[in-house]
There are 2 protein chains.
Amino acid sequence: MRKAEIPRGFRDFPPEVMRARIEVINKVRKVFERAGFPPMDTPSLEYWETLAGKYGPEAEERLIWRFKDPFSEKDYALRYDLTVPLARYIAQHPEIQLPFKRHQISLVWRHEEPQKGRYREFLQADIDTVGSPHIEADAEIINTIAMALEELGLDDYIIKVNHRGLLRDFIEKRFGGLSLSILRTIDKLDKIGEEGVKKELLRIGISEAQIDELMVKFERLKLEEVGETLIRLYGSEANQYKPIFETLSSLAYRKDKILFDFSLVRGLDYYTGIIFEAILTKGSPGSVSGGGRYDNLISLFKGEAVPATGGSLGIERIIDVMIERGILNLRKSIPGAFIIVLDEEAFMFGWRYLLELRKRGVIAEIDIMRRSLEKQKKRMNALNYKYAIYVGKKEMSSGSVTLVDRETGSRTEISVEDSFKLLEGEYKDEEAN
Amino acid sequence: MRKAEIPRGFRDFPPEVMRARIEVINKVRKVFERAGFPPMDTPSLEYWETLAGKYGPEAEERLIWRFKDPFSEKDYALRYDLTVPLARYIAQHPEIQLPFKRHQISLVWRHEEPQKGRYREFLQADIDTVGSPHIEADAEIINTIAMALEELGLDDYIIKVNHRGLLRDFIEKRFGGLSLSILRTIDKLDKIGEEGVKKELLRIGISEAQIDELMVKFERLKLEEVGETLIRLYGSEANQYKPIFETLSSLAYRKDKILFDFSLVRGLDYYTGIIFEAILTKGSPGSVSGGGRYDNLISLFKGEAVPATGGSLGIERIIDVMIERGILNLRKSIPGAFIIVLDEEAFMFGWRYLLELRKRGVIAEIDIMRRSLEKQKKRMNALNYKYAIYVGKKEMSSGSVTLVDRETGSRTEISVEDSFKLLEGEYKDEEAN
């Protein structure tokens, strides 16, 4: 006998959890579709060469699930994100009309050290627009992320934005070789706080005066204020960024929810323009979405520049938060009927009734073990069906069933035909939600 | 620059194909839910030891994607089917109340030589009932597969059934060491025909008389006739199988669609009782579903016997057939609105209108490139939206839009508010389908 063991850092999803996951995925898909981002998918595996050189050394040496295929000697890797496969797809299909918009909700794999909320296999939900250099494309990504969060009932979001060109101009240019360390330190603001950042900056050799200048920029600004503030701090060099944030403001679905944050860095990967991150403010706050413009990634495959921008919804964290907040209820009753057979002779009557319900689109269940009344009821309670339907000799002879709404406790004797109508109506209502 | 290349035997799914796939998956999920099989999921990877010894030597030596993790020296394998992971899950969770019913629609990986319709990564859609030794459980699997095929518009199915115990009793017992070769030969009936089977049986040393006796059983029988025919051929030994097929007949959702077929073998894996296979009869026929009872698999993990039965829907082949038959239309129009901006000054009016539509649940799109009228129309046509909505200076000042139903050609000037109502209603109708 073998020991049954799930791989470390991986998860099984039992029915009640999987139902909740599917509900969230379907909702997110619909919001993405509405915004003109249709679904697509790519393989779970890519050739290693496709991924190499895209994610930085830590990811490539430690986090990517990479392996050699013994039959072809080819190196494969499990998908690490959904952006590089998109770039590979675009480059491979020059016939695609740009701009190309799509969403993708798929698994990715990372060889992380497992801990609470961090797994080696998890879902990402991405939207991207390839082929538009315009700020409209970035604004649309941010707007769609905002709508998705609202649709999921997470209204306490704010979206921090920054611009990579601006970070480059104002930090990289000024501090040269130190800029990388400065950006990395600023990036930790959420984790170690302002004092922590100050201390680290001093340690790497930034003067008090310079730090004060940098720290001013850590206050979050309304989009309309960004241009003026930048010009005040940096002079005419900032002129080019003023219209970007003004346009972003006018295109915003909820500009009250978008704040400029100079401390937003978003790693040091492939971003080139607008970057953003959505956080929830209630309870334990944390990032639930991030993204930005990456105009150079696709050219790694295609040779020519292809502008692109996108965002990713942290769907696993979102599901956790929704369960924590009771927005997703894992114990809710099943909107259907459990058929209780009172006399053994009535089993076939109950079985036929069951098949007819299912054929009409109603969720319906019976105990397939032909067990005692007690055990049938126990199973119905465990599965938590909304309706109990009793069938016995009496019901058989009258062509009726006894229907109990288990939530209200109301009990009716009702003709078989009427019970179909009632339950079909019930089911359609559930569908519409 | 790197060459953009998808791994051999793997597929990208562009939006129109992915939409069709999601539609089918959602339909199948609903049919499974109705029959009391809720969704679950397991990881894409299992430890190699979990899969070892379950699928036979060909699968294990050649078809399973197996690899060593360089960090842990652990052997992993990509999921080969959805049944062994289920068995692992059940064994790992002794607290689960039996019978446990679930469906799972997930990817599996096989190191096949790629060819038309055969890929290295594909979806399986399984339903299983663990913990019931009763024929009701088998019948329910078969009934649910039948309902799923009907729901998908594939009414030309028939379901062949056989019983592993019966094959064991009547072939393995009689022919001893030859029985394996006989079963393998019979299994090829669909491929090589009756004459082909006869020739091969002669070659392996079965006498003409014995072949005639075996061949009688290749005629497909109605379930009610099975018992009598078996008793006629095999005498009282067949008594135990008569009630099994009679009960199966009485429990069948469509007994006119179920036929006994003695030539059905379904490989030589883990099946122990009733086995079945659904085929389509129109066009190029082929198996679209199969399954059966496997009472010994879970005990490999758990030590104690746990009866189980299940079925798998060949969802990839089904999608192909549905596209071939035009049941799935990859070119159908998008049930939403494309907003055409007539004057540049009207862009922000159009943009705000767009956001309001999306917020109300309507699929809506605008050209984010701010391009010429010509190019906007070209894009709308390429994406094939159902409605065109024109906004310009005139519409801005009157608070109305010009709405064109691109299918009927009808054109209306309509207030913004009325257009919301019209499109919201349209969208909800689509939802209900």
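Values in this text are rule-based calculations from the coordinates and carry no lab data. Small disclaimer: the values here were computed from a predicted structure and weren't measured. A quick note on method: Cβ atoms are made from the backbone with ideal geometry, for glycine too, and the neighbour counts reach across all protein chains shown.
For this structure, a couple of remarks:
- DSSP beta bridge pairing in chain B, given as percent antiparallel to the nearest 5: 80 percent
- Along chain A, the longest continuous region that contains none of the GluC sites (Glu not before Pro) in a DSSP loop with at most 15 other C-beta atoms within 10 Å is A:113-218.
- Considering only beta bridges that DSSP places wholly inside segment A:334-432, some 45 percent are antiparallel.
- For chain A: relative contact order, % (alpha-carbon pairs under 8 angstrom, 6 or more apart): 14 percent
- Nearest-0.05 FRET efficiency for B:Ile327 and B:Arg220, computed from C-beta distance (R0 35 Å): 0.85
- Here segment A:11-57 yields Rg over Rh of 1.14, to two decimals, using C-alpha coordinates and the Kirkwood radius.
- Among A:Ile22, A:Ile327, the order by Cβ neighbours within 10 angstrom, fewest to most, reads A:Ile327, A:Ile22.
- Positive-end extreme of charge dipole, the protein assembly as shown - chosen from A:Ile142, B:Ala252, B:Thr185 (charges on Cβ): B:Thr185
- Calculated FRET efficiency, A:Glu213 to A:Ser284, Cβ-Cβ distance, R0 = 30 Å: about 0.40 to the nearest 0.05.
- Chymotrypsin sites (Phe, Trp or Tyr not before Pro) within segment A:210-290, DSSP loop, no more than 16 other Cβ atoms inside 10 Å: A:Phe218
- Environment charge of A:Ile141, counting only residues whose C-beta is closer than 11 Å and scoring Lys/Arg +1, Asp/Glu -1: -3
- Placing +1 on each Lys and Arg Cβ and -1 on each Asp and Glu Cβ, with no other charges, gives the protein assembly as shown a dipole about its Cα centre of roughly 580 debye.
- Using distinct alpha-carbon pairs, which all enter the 1/r mean, Kirkwood radius of segment A:224-289 in Å: 13.6 Å
- Span-rule helices in chain B, defined as complete DSSP H runs reaching 27 Å or more along the axis (Cα) with Kyte mean at least -1.0: B:15-34
- Filter on B:Lys30/B:Lys160; B:Lys222/B:Lys257; A:Lys27/B:Lys30; A:Lys222/A:Lys282; A:Lys375/B:Lys101; A:Lys302/B:Lys377 - keep pairs with C-alpha separation over 18 Å: B:Lys30/B:Lys160; A:Lys222/A:Lys282; A:Lys302/B:Lys377
- For the rotational copy pair B/A, the chain B residue whose Cβ lies nearest the symmetry axis, together with its distance in Å, is B:Phe67, 2.
- Separation of segment B:1-42 from segment B:299-375 is 13 Å, based on Cα centroids.
- Secondary-structure-derived ellipticity at 222 nm for the protein assembly as shown, considering helices only, amounts to -12000 deg cm²/dmol, per-run term -39500 (n - 2.57) for DSSP H runs with n ≥ 4.
- Shortest first, A:Leu373 label-point distances to identical copies amount to 7.7 nm, with the label point at 7 Å from Cα along Cα→Cβ.
- Sites A:Gln92 and B:Ser236 - FRET efficiency at Förster radius 45 Å, r taken between beta-carbons, to 0.05: 0.10
- Annotation: aspartates and glutamates with alpha-carbon distance below 20 angstrom to B:Lys393 (same-chain offsets under eight excluded): B:Asp343, B:Glu344, B:Glu345, B:Glu356, B:Glu365, B:Asp367, B:Glu374, B:Glu413, B:Glu417, B:Asp418.
- Along the axis of the charge dipole computed for segment B:15-324 (Cβ charges of +1 for Lys and Arg, -1 for Asp and Glu, origin at the Cα centre), the listed residues B:Leu313, B:Pro243, B:Leu214 are led at the positive end by B:Leu313.
- Amide H contacts of A:Ala125 (H built 1.01 Å from N, in plane; Pro and chain starts excluded): A:Leu313, A:Ile315 sit under 5 Å, all sequence-distant by 5 or more or on other chains.
- Relative to one another, the C-alpha centroids of segment A:180-248 and segment B:71-125 are positioned 50 Å apart.
- For segment B:106-157, the set of trypsin sites (Lys or Arg not before Pro) satisfying both a DSSP loop assignment and a count of at most 13 other C-beta atoms within 10 Å is given as B:Lys116.
- Rounded to the nearest angstrom and listed largest first, the equivalent-ellipsoid semi-axes of the protein assembly as shown from its Cα gyration tensor are 54, 32, 27.
- Diffusion constant of chain A at 10 °C, which comes from Stokes-Einstein with the Kirkwood Cα-pair radius and 1.306 mPa s, µm²/s: 62 µm²/s
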